[in-house]
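K.L.:
My structure is below; once you've seen it, I'll send some questions.
The values are calculated or read from the model by the stated rules, or taken from the named source; none is laboratory data. If you're wondering where the values come from, they're calculated on a predicted model, not measured in any experiment. Cβ sites come from the backbone with ideal geometry, for glycine too, and all protein chains shown count toward neighbours. We work out accessible area using only protein heavy atoms, side chains counted, and drop any ligands, DNA or RNA first. Shrake-Rupley method; radii C 1.70, N 1.55, O 1.52, S 1.80 Å.
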Amino acid sequence: MLIRENYTEYNLVELEQDCWNRLVTGASKSRNPFHTPCVATLAYGEVSLRTVVLRKTLPEERELRFHTDIRSPKWNELLINPSISALFYDSEERIQLRVKGKAVLHHTDDLTAKAWQTTSLSSRKCYLTLHSPSSFTDSSTSGLSEEIEQEKFTLSESEAGYENFGIVSIQVQSIDWLWLNHAGHRRAFFDYSDGSFQWMIP
Ligand SMILES: Cc1cc2nc3c(=O)[nH]c(=O)nc-3n(C[C@H](O)[C@H](O)[C@H](O)COP(=O)(O)O)c2cc1C
């Protein structure tokens, strides 16, 4: 990652590289502000937002990935409309990235099989709720059985969660970079649909 703080010295190519470096770091470091972007979907004329964990960044492929339960509303929203946007903000660096792209959904394929292998028992719990995430209940509950809630289950018992495990791959189409600076903000737009990199008025 570039360590100069003055982004007025950067050219567009350096800046674009810096965006991807930050996204790579965000995926690998749990305390990094880019680790938990806000992701937006659009279906039935309604926008929905939620926080997710950035699990993987592939700069060469211009791809970002997060994991989710395929029974969750966002999965169906993306089936209806694959348009997706992810918002990142680093308050220390004062850098915002607005990423737009198309979602490719992975379920019971090679990618999910590999990721599931490295999913810890405690993370597998998320995919073992008896009812779908976001369904309403009569009382306050995790949706897990007592055994699962207390992690009294084996790795092989956790395999039941694999059916619910999905990976959303965001094929990035553009990045809108914004840097807040007291002497004057800066903004740039990287459009992969036509390969143009441009400065913008912040
Ligand atoms: C810090 C944080 C990280 C989260 N990570 C994920 C995630 O990686 N995948 C996911 O499906 N939900 C994640 N959630 C929960 C979602 O924000 C959301 O509440 C849930 O997935 C239901 O979303 P939906 O109804 O739009 O499908 C996270 C929530 C927080 C607060």
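K.L.:
Tell me the volume per residue, in Å³, of the convex hull enclosing the alpha carbons of region 128-173.
P.N.:
For region 128-173, the hull spanned by Cα atoms encloses 117 Å³ per residue.
K.L.:
Could you quote the convex hull projected area for the chain, Cα atoms only and averaged over all directions, in nm²? All intermediate terms of the calculation are to be shown ahead of the outcome.
P.N.:
Values: hull surface 53.8 nm².
With every direction weighted equally, the projected area is 13.5 nm².
K.L.:
I would also like to ask the following. Taking only protein heavy atoms into account and a 1.4 Å probe, give the accessible area per residue of region 1-52 in Å².
P.N.:
59 Å²
K.L.:
As a check on your grasp of the helix formula, calculate [θ] at 222 nm for the chain: sum -39500 (n - 2.57) over DSSP H runs of n ≥ 4, divide by the residue count, round to the nearest 500. Intermediate values should be presented prior to the final figure.
P.N.:
Working: 5 runs with 41 residues, N = 202.
Computed ellipticity for the chain at 222 nm equals -5500 deg cm²/dmol.
K.L.:
I've got another one for you. Based on the mean of other beta carbon atoms within 10 Å per residue, what is the order of 40-53, 170-183, most packed first?
P.N.:
Result, highest mean Cβ count within 10 Å first: 170-183, 40-53.
K.L.:
At 0.36 nm per residue, minus the direct Cα-Cα distance, what do Val13 and Thr118 gain on full extension? Give it in nm, one decimal, please.
P.N.:
Working: separation 105, 0.36 × 105 = 37.80 nm, distance 3.46 nm.
Computed gain between Val13 and Thr118 is 34.3 nm.
K.L.:
I'd like the carbon and sulfur percentage of the solvent accessible area for the chain, probe radius 1.4 Å, heavy atoms only, ligands and nucleic acids excluded.
P.N.:
The C+S portion of the solvent-accessible surface of the chain is 51 percent.
K.L.:
Identify all lysines with a Cα-Cα distance to Lys100 below 28 Å; exclude those on the same chain that are fewer than 8 residues away in sequence.
P.N.:
Lys29, Lys56, Lys74, Lys114
K.L.:
On to the next question. Could you provide, to the nearest whole Å², the per residue accessible area of region 127-202 with probe 1.4 Å?
P.N.:
Each residue of region 127-202 exposes 61 Å² on average to a 1.4 Å probe.
K.L.:
How far apart, in nanometres, would the label points at Asp191 and Gln150 be if each is projected 7 angstrom from Cα along the Cα-to-Cβ direction?
P.N.:
5.9 nm
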